[in-house]
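Participant: First, the structure itself, so that you have it in front of you.
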Amino acid sequence: MLSEIHGGYVKTETHGSITTIEFFHPSGNSLPSRLLQEIAHAIHGAGNESDTRVIVLCSGGGSSFCAGASFKELSTITTLEQGQKFFSGFALVINAMRTCPKFIVARVHGKAVGGGVGLIAAADYAIGVQGADIKLSELSIGIGPFVVGPVIEKRIGFSAFSHLAIDSTMWRNADWAKRKGLYAEVHETVSGMDESISRLTNALTHASPLATRELKQSFWKGCEHWDTYLAEKAEISGRLILSEFSRKAVANLVKA
């Protein structure tokens, strides 16, 4: 299944009980709201598909894994309602990943910023490659990683998350991310990464679906309130993006 969205796409393919969900956008795999909705829909659909045993989430192109929020779309937001709706898209994807009864393996072939780090953290298992560095840039544009913050903090802990959130202009390399627990594995080459993903996902196709569901629920215990909690966080980001500081920062980024 292929869904084209304003020059980007979400593509879903299933082979041998492994469903791959690939997203792409020409602006560094950034995430406009329509793309976020399509990713969440694809995850929900694969999670309910009996033929699917495991999901691989990846992005297209040869550069970054995900550049985070679409600055072009952020520049068009003029009301709190619009802002909250946009940032709720990240909540939609995170909650779809959280409640999906299948394990989700993230294939991270390049750098990730902001919401892209949130997608990695929301995966049940992430495998990256050298060069798959990460950064939370939100504070530098006058907002903060409010929606993705809870899942990143859950994955790597409060200390590491706060360091990323505060030093919003500094890249942390893939080895740093692995030490903090964001990546389960980091490989020297893309081929090595893909070989490991193939090994793991094929093994998971033979796991008990009932045991997988129960284990995943145990991993996410305590997050049952996130449907409303992340919506509240989206309201904060939606309000801050309207500030003069943010509007100027985003405008400069769009021009760059």
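Participant: Inside segment 159-179, can you point out the residues that are farther than 23 Å from residue 230 by Cα and not in a loop (DSSP other than H, G, I, E, B)?
Facilitator: 172, 174, 175, 176, 177, 178, 179, listed by residue number.
Participant: Does segment 213-247 hold any residues that are acidic (Asp, Glu) and either within 30 Å of residue 141 (Cβ to Cβ) or not in a helix (DSSP H, G or I) (or both), and which are they?
Facilitator: Matches in segment 213-247: 224, 227, 232, 235, 244.
Participant: I need the full set of residues from segment 23-33 which are surrounded by fewer than 16 Cβ atoms within 10 Å (Cβ to Cβ) and either in a helix (DSSP H, G or I) or among the basic types (Lys, Arg) (or both), in order please.
Facilitator: Those that are surrounded by fewer than 16 Cβ atoms within 10 Å (Cβ to Cβ) and either in a helix (DSSP H, G or I) or among the basic types (Lys, Arg) (or both): none in segment 23-33.
Participant: Kindly check whether there is at least one residue in segment 44-62 that is in contact (Cβ under 8 Å) with a residue 24 or more places away in the chain, crowded, with 20+ Cβ neighbours inside 10 Å and of a type in the set (Gly, Ala, Ser).
Facilitator: yes
Participant: Ok, one more. Could you tell me which residue of segment 189-211 is surrounded by the fewest Cβ atoms within 10 Å (Cβ to Cβ), considering only residues that are hydroxyl-bearing (Ser, Thr, Tyr) and within 21 Å of the chain's Cα centre (by Cα)?
Facilitator: The residue in question is 198.
Participant: Which ones in segment 137-158 are in contact with a Leu (Cβ under 9 Å, 6 or more places away or on another chain), small (Gly, Ala, Ser) and assigned to a helix (DSSP H, G or I)?
Facilitator: 149
Participant: State all residues of segment 8-22 that are over 17 Å from residue 97 (Cα atoms) and either in contact (Cβ under 8 Å) with a residue 40 or more places away in the chain or not in a strand (DSSP E or B) (or both); if no residue qualifies, say none.
Facilitator: 9, 16, 17
Participant: Could you tell me whether residue 159 is surrounded by fewer than 14 Cβ atoms within 10 Å (Cβ to Cβ), among the small types (Gly, Ala, Ser) and at pLDDT 95 or above?
Facilitator: yes
Participant: Taking residue 183 and the conditions (1) closer than 30 Å to residue 246 by Cα; (2) part of a loop (DSSP other than H, G, I, E, B), which numbered condition does it fall short on, given that it satisfies the others?
Facilitator: Unmet for residue 183, out of (1) closer than 30 Å to residue 246 by Cα; (2) part of a loop (DSSP other than H, G, I, E, B): (1).
Participant: So, in segment 117-138, how many residues would count as being among the small types (Gly, Ala, Ser) and under 13 Å from the mean Cα position of the chain (by Cα)?
Facilitator: So the count comes out to 5.
The values are calculated or read from the model by the stated rules, or taken from the named source; none is laboratory data. Just so it is clear, the model here is predicted, and its values are computed rather than measured. Cβ: placed from backbone, ideal geometry, glycine included. Neighbour counts: every protein chain shown.
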